[in-house]
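Taking it in order: structure first as structure tokens, then the write-up.
The values are calculated or read from the model by the stated rules, or taken from the named source; none is laboratory data. Note that the structure is a prediction, hence the values are computed from the model and not measured. Here Cβ is always computed from backbone atoms with ideal geometry, including for glycine, and neighbour counts include all displayed protein chains. Accessible surface areas use protein heavy atoms only, side chains included; no ligands, DNA or RNA. Shrake-Rupley method; radii C 1.70, N 1.55, O 1.52, S 1.80 Å.
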Amino acid sequence: FQPGFGLLFDIDGVLVRGRTPIPAAKKAFQKLVNPQGEFVVPVVFVTNAGNVLRQTKADQLSHILGVPISQDQVMMSHSPLRMFKKYHEKCVLVSGQGPVLDIAKNLGFAKVVSIDMVREAFPLLDMVDHNRRPKLPSSPIVNLPKIEAVILFGEPIRWETNLQLIIDILLTNGNLSSIHQNQKCPHLPLLACNMDLMWMAEAQSPRFGHGTFLVCLENIYKKITGKELKYEALMGKPSEMTYHYAEYLIREQAAQRGWRTPITSLYAIGDNLMTDIYGANMYNRYLEERAARKSSKAVAKVAAGTRSSTALPQEEEVDNAWETELAPPSATSCKSILVCTGVYNPRTEVPPDANQAIKETVFHGHRDFRFDPALVEPGHIVQDVDAAVELIFEREKLLVQ
């Protein structure tokens with residue numbers, strides 16, 4: 001059997017709630033591995049979490065699901081940063097929690113500065129918490145290199161400190177010994193991973209995600225400067241780049257297993273309309289448009305009476321920069337499946353018609369993503385991840401083991 005499809009699983013709200021496994025997850029994964037413990041189809045876990053190394057997340061998943069997961073099957077919200085090589089030699093400030101310095105170095109960044117390092121070098125900058133103010137007058141211990149870019153990995157622990165120091169860096173152009181210069185335009189490159197406004201842990205209602213932190217940062221910056229905060233890149237679901245990278249990991253996995261059939265279909269299983277469903281549908285639209293462009297080019301070449309690639313130079317594909325890093329996708333579709341165990345919870349039985357289920361919804365997506373109601377319509381709505389796997393196997397005519 002050579003699979004022609006791959007699976008993209010969200011983690012929070014689909015496989016776990018906080019640290020508690022969702023019962024259907026283990027059941028689903030028993031169907032996805034053969035008696036030797038090998039996956040029968042390529043599987044990638046696409047999470048917007050960004051506070052751990054891939055290996056740590058792979059180990060957690062292996063433990064929860066009872067099947068061996070390698071770090072090459074895990075995609076964190078920050079994974080595409082590997083492709084941003086032009087920043088790898090620059091001095092970057094990182095914000096988030098967990099081992100952010102290790103994560104940044106693991107992604108290829110050579111010179112990394114944390115918020116804590118900035119606090120230590122400039123103790124007078126962190127003033128909100130009276131208990132943390134320096135007791136004695138202190139002069140800055142300036143031994144930090146000039147910061148050249150800012151990377152936001154995920155929600156940090158002390159928002160007031162992070163918001164203040166990131167704004168300071170942006171308004172001083174990375175030179176904290178100087179004063180704010182509001183007219184400095186444009187500000188330093190800012191790269192953000194994970195735009196989730198909310199995520200589902202053990203509590204009854206969703207909790208603040210990194211997207212909420214970004215809303216604060218964007219609004220503070222605009223209030224102070226009168227200008228919009230600009231991102232060099234936004235990573236994590238629902239960004240196209242994230243799905244493109246996930247598709248590349250699926251292809252790599254198939255190649256390693258010696259599967260020759262091209263992977264043409266992707267199935268993305270998630271619990272959040274604004275990230276998992278929106279992102280999968282947006283990537284599906286991208287794949288469909290790409291296929292349409294390719295076929296219209298082929299028609300144009302035939303019409304021109306030639307099949308040589310020199311026929312229509314002005315028509316040659318100019319695709320997104322990351323495509324050159326990853327090679328073009330082999331997939332032609334990415335189907336979205338919504339589960340009811342996380343952020344989305346209809347509190348009722350599963351609606352028979354997915355199109356009737358979600359017509360009106362408040363846009364929780366990021367400021368820079370245009371809301372398109374068609375993109376929050378899931379391909380299917382199912383109760384849980386086990387039902388999602390059954391549905392996919394049925395569609396792909398694969399016998400459930």
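About its Cα centre, what dipole magnitude does the range 1-145 give when the only charges are +1 on Lys and Arg Cβ and -1 on Asp and Glu Cβ, stated in debye to the nearest 20?
On the way: 17 positive and 11 negative charges, 22 e Å.
Dipole size: approximately 100 debye.
Work out which GluC sites (Glu not before Pro) in the chain are exposed loop sites (DSSP not H, G, I, E or B, at most 12 other Cβ within 10 Å) and give the longest gap free of them. Can you show the working numbers first?
Numbers: sites that count: 38, 89, 202, 228, 316, 317, 349, 360.
Longest stretch, sites excluded: 90-201.
May I ask you to rank 82, 370 by accessible area, largest first, using a 1.4 Å probe over the protein chains only? Numbers along the way, then the final one.
Working: 82 65, 370 170 Å².
Output order, biggest surface exposure first: 370, 82.
So if each residue of separation counts as 0.36 nm, and I subtract the Cα-Cα distance between residue 264 and residue 327, what length gain in nm does that give?
Details: separation 63, 0.36 × 63 = 22.68 nm, distance 1.47 nm.
Length difference between fully extended and current span is 21.2 nm.
Projecting each Cα onto the charge dipole of the range 24-119 (Lys/Arg +1, Asp/Glu -1 at the beta carbon, about the Cα centre), which of 114, 29, 75 comes out farthest on the positive side?
So the residue we want is 114.
Report the charge-dipole magnitude of the chain in Debye, nearest 20, computed about the Cα centre from +1 at each Lys and Arg Cβ and -1 at each Asp and Glu Cβ.
Numbers: 43 positive and 44 negative charges, 133 e Å.
That gives a dipole near 640 debye.
From Cα pairs below 8 angstrom and at least 6 apart in sequence, can you work out the relative contact order of the range 163-293, rounded to a whole percent? Could the numbers behind the result be given before it?
Details: 127 pairs, mean separation 24.4, N = 131.
Over the range 163-293, the number comes to 19 percent.
Could you compute the longest span of the chain free of chymotrypsin sites (Phe, Trp or Tyr not before Pro) located in DSSP loops and having at most 14 other Cβ atoms within 10 Å, not counting the site residues? Write out the running numbers ahead of the final one.
Details: sites that count: 1, 371.
Here the longest segment lacking exposed loop sites spans 2-370.
Would you work out what percent of the accessible area of the chain, with all protein chains in place, is carbon or sulfur (probe 1.4 Å)?
54 percent
When we measure straight from the Cα of residue 26, which lysines land under 25 angstrom away, once same-chain ones fewer than 8 places off are left out?
Cross-link targets: 57, 237, 335, 397.
In terms of modelled amide H atoms, which long-range or inter-chain residues lie less than 5 Å from the amide H of residue 263?
So residue 263 has HN proximity to no qualifying residue.
Percent relative contact order of the chain, based on C-alpha pairs within less than 8 angstrom and at least six residues apart? Each step should come with its number before you reach the end.
Numbers: 705 pairs, mean separation 76.4, N = 401.
That works out to 19 percent.
Taking the full set of protein chains and a 1.4 angstrom probe, give the accessible area of residue 364 in square angstrom, rounded to the nearest 10.
Per-residue accessible area (residue 364): approximately 80 Å².
Could you state the accessible area per residue of the chain in Å², with a 1.4 Å probe and every protein chain left in place?
Here the per-residue accessible area is 47 Å².
How much accessible area does residue 63 have with a 1.4 Å probe, in Å² rounded to the nearest 10?
150 Å²
What nm value, rounded to one decimal, do you get for the distance between residue 202 and residue 215 when each label is placed 7 Å out toward the C-beta?
Taking the two extended label points, one gets 2.6 nm.
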